[in-house]
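Report on one structure; see the data block that follows.
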Amino acid sequence: LIWQVGFQKILTLTYVDKLIDDVHKEFRDKYRNEFQQKGTLGILNGTFDFKDDFMRLLREAEESSKVRAPTVMKTFEQSLKSQKTVKCMIETRGEKPKEKVKNKKNKGSKKDATEAVAAAGKASGGEKQAPSASGDREELTKDEILQKNREEFFKRHSKAGEKSRSPKPEAQKEKGKKPRVWDLGNSNAKVLDYSNSAANGSTEASPLKEFDPETALGDRNREPGRLYDLEYESDDEAEEEKVVQNPSKPSAKKGGLGGMFGMLKGLVGSKSLTREDMDPVLEKMKDHLIAKNVAAEIAVQLCESVAKKLEGKVMGTFTTVTSTVKQALQEALVQILQPQRRVDVLRDVMDAQRHRRPYVVTFCGVNGVGKSTNLAKISFWLIENGFSVLIAACDTFRAGAVEQLRTHTRRLNALHPPESHGGRTMVQLYEKGYGKDAAGIAMEAISYARNQGFDVVLVDTAGRMQDNAPLMTALAKLIAVNAPDLVLFVGEALVGNEAVDQLVKFNKALADHSMAQTPRLIDGIVLTKFDTIDDKVGAAISMTYITSKPIVFVGTGQTYCDLRSLNAKAVVAALMKA
């Protein structure tokens with residue numbers, strides 16, 4: 001093992017790389033047979049007499065470095081510049097300097113070839129005109145030469161443009177506008193026309209034989225009824241290893257003792273952390289979190305809590321301030337995503353079964369976040385775990401809301417027909433049309449589920465903005481009257497600061513408009529559209545930090561199987577990715 005520390009300003013050792021290579025080759029060639037015969041135990045127990053060989057190689061390396069004489073810089077008298085006269089530096093009008101022409105010729109073989117072709121073209125065009133042109137150029141001024149060159153340039157380009165335009169009329173022979181045909185479209189409009197359907201909104205409007213289970217289920221190799229964790233592969237560890245393996249590269253550029261000792265001072269834990277040390281790192285971390293969709297206010301609070309936790313702490317050996325702060329921030333983020341109260345839906349459903357009552361889940365959220373779609377995914381997951389589901393269509397405002405749930409119900413029954421469950425219908429829709437009181441429909445649905453022996457009731461509500469007081473009052477009434485077992489807020493992963501505003505105002509509205517002394521608030525979160533954000537997963541942090549409520553489900557696609565449980569470490573890995 002050779003360990004060498006060299007200071008470039010004090011001692012220049014140019015032969016070190018060559019010496020290490022020579023030692024490596026010599027040692028390998030000398031003991032190769034012994035390694036092959038004895039194996040690992042022979043290497044550990046054996047002794048190697050290599051001192052004389054090493055000293056010989058060292059002397060040879062030192063002598064080879066002495067043989068090479070250091071290069072000496074030329075004096076001004078020895079350079080080509082000193083041999084130039086004043087006369088050769090004077091340029092006359094209309095004449096190119098000889099030195100520049102020579103330099104241009106030496107630039108590359110490609111330019112020489114193009115110049116040769118151009119010269120041959122001019123010579124073939126007319127040899128008689130060449131002398132007269134050169135004579136005219138000598139008489140013309142510099143401005144006139146430039147003007148003449150411009151005219152020739154425009155003439156050449158106008159001729160080329162005419163040649164390129166000539167074939168166009170042939171391509172434009174076919175006149176008239178043609179309709180666009182999409183790749184995934186259907187050219188037959190009659191197939192898409194449902195206006196003459198006699199069913200008029202009945203369950204037979206779309207035949208079941210057109211339904212493809214493959215497209216609805218997605219992954220066929222999955223385990224039925226299992227809720228998989230989110231997965232994310234991070235390259236941060238590999239990047240950190242690269243940085244650790246080459247720690248001396250930045251200091252080599254600085255050179256001298258200052259660079260070497262500065263690096264060691266930055267690595268070795270020789271002092272406790274102060275706020276001044278952490279401020280630049282925390283500022284970068286805050287900007288990084290905001291760029292990943294974490295709400296700005298929450299990013300500031302997170303960095304403040306990390307700074308208070310680390311202030312006065314002594315760093316470990318060979319750790320930097322950046323790595324210490326980053327590790328503390330990662331631990332804080334994982335702790336945020338793993339709240340104290342965990343929602344276990346399957347356990348709670350089985351507990352409700354023992355008490356012979358349905359387990360009621362209410363979905364709420366703003367418009368267009370995917371409440372109905374993710375309600376259908378959760379229904380499919382519950383059915384695969386052996387529970388029967390009643391869907392209550394309490395969105396009596398949005399056009400097509402009931403029809404959407406009816407389609408999901410029909411498709412879920414096609415995937416899990418009653419014949420596969422002993423004649424028992426696993427999912428059913430309870431609806432009373434549009435314009436009715438949502439709280440009353442939910443109450444009737446829960447009573448119907450209790451009488452018919454359904455295990456779970458999923459209540460779909462209308463989307464509403466958090467600032468709409470009348471609609472928020474209606475939602476608070478629905479929750480207060482029916483007392484669901486679980487209230488899930490459905491939010492999309494695309495939002496940042498808006499997620500905080502939505503959650504705070506939904507919780508506040510439920511508290512203000514509730515008639516009970518202890519108002520019922522949001523119990524958990526369903527985070528949707530997670531497949532659209534890549535590594536900008538900050539909405540998950542914003543939502544859990546502001547309410548301390550767990551993320552129960554994560555929607556990751558369009559099929560019924562695209563439902564996941566939150567993996568805190570995977571989310572934090574995506575969040576900390578550069």
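Annotation: Arg357 carries an accessible surface of approximately 90 Å², with a 1.4 Å probe and no ligand, DNA or RNA atoms counted.
The residues packed around Asn293, meaning those with a beta-carbon under 15 Å from its beta-carbon, carry a net charge of -3 if Lys and Arg are +1 and Asp and Glu are -1. The protection proxy used here, the mean number of other Cβ atoms lying within 10 Å of each residue, ranks peptides 142-152, 460-470, 344-354 as follows, highest first: 460-470, 344-354, 142-152. Computed from label points 7 Å out along Cα-Cβ, the spacing between Ser272 and Gln558 is 5.9 nm. Here the stretch 345-576 has an Rg and Dmax of 17.0, 51 Å, counting Cα atoms alone.
Non-local lysine pairs in the stretch 273-337, meaning eight or more places apart or on different chains, with alpha-carbon distances under 20 Å, amount to 11.
So in the stretch 345-576, what percent of DSSP beta bridges are antiparallel if you round to the nearest 5?
5 percent
Note that the stretch 318-385 carries a Kirkwood radius of 16.0 Å, evaluated over its alpha carbons pair by pair.
Averaging 1/r over each pair of different alpha-carbon atoms in the stretch 443-578 and inverting the result gives 16.3 Å, the Kirkwood hydrodynamic radius.
Need the C-alpha centroid separation for the stretch 530-567 versus the stretch 412-439, integer Å. Here the two parts' Cα centres lie 27 Å apart. Met55 contributes an accessible area of around 80 Å² to the protein surface, as traced by a 1.4 Å probe with all chains present.
Dimensions of the stretch 273-337 from C-alpha coordinates, computed as largest minus smallest value along each principal axis and given longest first, are 34, 23, 18 Å.
With 0.36 nm allotted per residue and the present C-alpha distance subtracted, the Thr322-Gln83 stretch has 80.3 nm of extension available. Dimensions of the stretch 484-549 from C-alpha coordinates, computed as largest minus smallest value along each principal axis and given longest first, are 43, 22, 15 Å.
Of the accessible area of the stretch 345-576, with the probe set at 1.4 angstrom, what percent is carbon plus sulfur? Before the final figure, lay out the partial values.
Working: 4490 of 8940 Å².
C and S atoms contribute 50 percent here.
With the whole protein complex present, Glu283 retains an accessible surface near 90 Å², based on a 1.4 Å probe.
What is the local net charge at Gly453, summed over the other residues whose Cβ is closer than 11 Å to its Cβ (Lys, Arg +1; Asp, Glu -1)? Let's see the in-between values first.
Values: positive: Arg356, Arg357, Arg424, Arg450; negative: Asp455.
Every neighbour counted, the sum reads +3.
Accessible surface ranking for His513, His416, 1.4 angstrom probe, highest first: His513, His416.
The values are calculated or read from the model by the stated rules, or taken from the named source; none is laboratory data. Predicted model, so just to flag it, every value in this text is computed and none were measured. Please note: Cβ atoms are built from the backbone with ideal geometry, for glycine as well, and neighbour counts cover all protein chains shown. Each accessible area value is taken on the protein alone, full model and side chains, heavy atoms only, with ligands, DNA and RNA left out. Shrake-Rupley method; radii C 1.70, N 1.55, O 1.52, S 1.80 Å.
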